[in-house]
1. Do the conditions hold for Leu234, that is, is it closer than 30 Å to Lys33 by Cα and at pLDDT 85 or above?
2. Can you pull out every residue in the range 316-343 that is among the aromatic types (Phe, Trp, Tyr), under 21 Å from Tyr535 (Cα atoms) and more than 26 Å from the chain's Cα centre (by Cα)?
3. Would you mind stating whether Arg511 is over 18 Å from the mean Cα position of the chain (by Cα) and either at pLDDT 85 or above or closer than 30 Å to Asn324 by Cα (or both)?
4. Being under 12 Å from Val455 (Cα atoms) and of a type in the set (Gly, Ala, Ser) is the filter; apply it to the range 401-415 and report the residue that is surrounded by the most Cβ atoms within 10 Å (Cβ to Cβ).
5. So Ala169 fits all but one of (1) surrounded by fewer than 18 Cβ atoms within 10 Å (Cβ to Cβ); (2) not in a helix (DSSP H, G or I); (3) not assigned by TED's automatic domain parsing to the domain that holds Leu55; (4) not acidic (Asp, Glu); what number is the exception?
6. In the range 24-47, how many residues are surrounded by 20 or more Cβ atoms within 10 Å (Cβ to Cβ) and of a type outside the set (D, E, K, R)?
7. Could you figure out which of (1) over 20 Å from Ser302 (Cβ atoms); (2) among the basic types (Lys, Arg); (3) part of a helix (DSSP H, G or I) isn't true of Arg350?
8. In the set Thr380, Thr426, which member is assigned to a helix (DSSP H, G or I) and surrounded by fewer than 17 Cβ atoms within 10 Å (Cβ to Cβ)?
Amino acid sequence: MPAHLVVKDLSIDFENTLGVTKAVDAISFTLEKGETLGIVGESGSGKSVTALAILNLLTTTAKVSGVIEMSRGEEAAQLEQKPILRGKEVAMIFQEPMTALNPVLRCGDQILEVIVQHRTISKEDAIKEVKELLQQVQLTDVDRMYKAYPHELSGGQKQRIVIAIALAAKPSILLADEPTTALDVTIQKEILTLLNQLKASYQLSIIFISHDLGVIKQMADRVAVMQQGKMVELGEIQQVFANPKHAYTKGLLACRPSQNMQLEKLPTLDTIDFTAINNKEVAKRKNYLAIQPILLKVENISKWYSAKKNFFGQVKSYVKAVNNVSFDVRKGETFGLVGESGCGKSTLGRTIIGLEKATQGNIWYNQTNLLQLSAKEWTTWRKRLQIIFQDPYSSLNPTQPIGYAIQEPMTIHGLWNNERTRKEKTVHLLELVGLEAAHFLRFPHEFSGGQRQRVCIARALALEPEFLICDECVSALDVSVQAQILNLLIDLRTQFDLTYIFISHDLSVVRFISDRIMVMKDGEVVEIGVAEDIYERPQSLYTKQLVEAIPA
């Protein structure tokens, strides 16, 4: 039988004022009927651009050459003239569900729109099909989901709505572009299971795009590896994982935190080194931390938000984002904080650093209660406690060169004698986090995601703090860049005797970098323990579910 989709010698160039950028360079592959083809690679490798080219959704600045054909002989280049193909024959699940959905339309109406556009059907029958689709993507309370706006749903629910929209016209080919990247590991597992079930029900052929080889292994029959617009490897999933041919594929496989051994550093694309920490070193680290003083002590901290008020403005009910949480962190320790989105991790971190006001409890730093500090006193304390936020792009001023963004805290706090010295310190920080002095005058949009995160780390270090809160600071990064950032944080911890609270929803990442881990659910502590014990011998059912959801 002919392949369901054939891509031959596909090249995509983008023209701009600086010249021509080659995003995809003469790649070829086929998609068989009923097959899932995984496409994997780092950001900028050309994965998503390839998918957009199949649907003819690229901008007018893109120059596309090559052949894209479906089994019935229709070229995808004709999609603009034959819009019935887009959605009905080929549909796409986009990476970020919040931006893929229209924020001012109800979710049910957005699914309804696709059905009405592609089929001759009464509105009553179309609404009935929408509700059936909502059930098929495993959304409960269908009537509420139909009437809900995107902002009223969780990340997993929004992604299910996007999947329902993609399936509404009953396509035969589904392009899934990083559909689980921004989701918790447990929600990710549910979405992957759902896609496999829908594949069987709808007899779909799927192109599944991801930068995570663990996810690709769960989903794909074959895998294509892309690097800088080129396809460097293509083969059966078991063959590529067991015996990768290309050095880039070997590097991607190595970068993910190991589930079988505790490593000193994560392998990177440049250095594939599996140096395990022996039992003697583990015991030495534990003994060192055991004699260190407690630097941070959190006592019965709660942060509640008003959920409902009566006519007179009195609060009738609360959302308990953080509820009666207690723990301590020793000097030099990395304390991991893990749990699903909405469990209160980030709220707790922001409360500790004074960005949120606690409802009750105490937060002691050495002998000082941080909750009793005035705004003026907090200005001084900012030098000692810093935070690295999750999204490096939104936490940087897009109109400010990154050198001045790093230098600005020094100026505000009056550090060093003059601007010349501050600039020298800034250049030193840039080089410390793996950037260059020449980057001083560049703007945030001129950097990759990993480079922007390095800028944020340099800015957090500008005041020479002793305590850092890392709030999901590697969650949105490629596994290769994630490995570089985690290794950098370990080096900085040793070099500057830093203490970390490391927040993440990915237990394998938290396990790699943390000495102890606290698991949170619904604003409360589920369990606290040594990282290895939490990972290998979890005591609670919830922690076991988090461990089991990690892609192998």
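The values are calculated or read from the model by the stated rules, or taken from the named source; none is laboratory data. Since the structure is predicted, the reported quantities are computational estimates derived from the model, not experimental observations. Cβ atoms come from the backbone with ideal geometry, glycine included; neighbour counts cover every protein chain shown.
1. Working: closer than 30 Å to Lys33 by Cα: yes; at pLDDT 85 or above: yes.
When the stated conditions are applied, Leu234 passes them.
2. If we filter the range 316-343 for residues that are among the aromatic types (Phe, Trp, Tyr), which is where we start, we get 318, 327, 335.
If we keep only those that are under 21 Å from Tyr535 (Cα atoms) as well, we get 327, 335.
Listed by number, the list holds a single entry, Phe327.
3. No, not satisfied.
4. Kept after step one, since they are under 12 Å from Val455 (Cα atoms), are these residues of the range 401-415: 401-407.
Narrowing further to those that are of a type in the set (Gly, Ala, Ser): 403, 405.
Working: Gly403: 22, Ala405: 20.
Within the range 401-415, the match that is surrounded by the most Cβ atoms within 10 Å (Cβ to Cβ) is Gly403.
5. Result: Ala169 passes all but (1).
6. At the first step, the residues of the range 24-47 found to be surrounded by 20 or more Cβ atoms within 10 Å (Cβ to Cβ) are 24, 27, 31, 36-42, 45-47.
Add one more test, that the residue is of a type outside the set (D, E, K, R), and what stays is 24, 27, 31, 36-41, 45-46.
So the count comes out to 11.
7. (1)
8. Working: Thr426 fails: surrounded by fewer than 17 Cβ atoms within 10 Å (Cβ to Cβ).
Within the list Thr380, Thr426, the selection yields Thr380.
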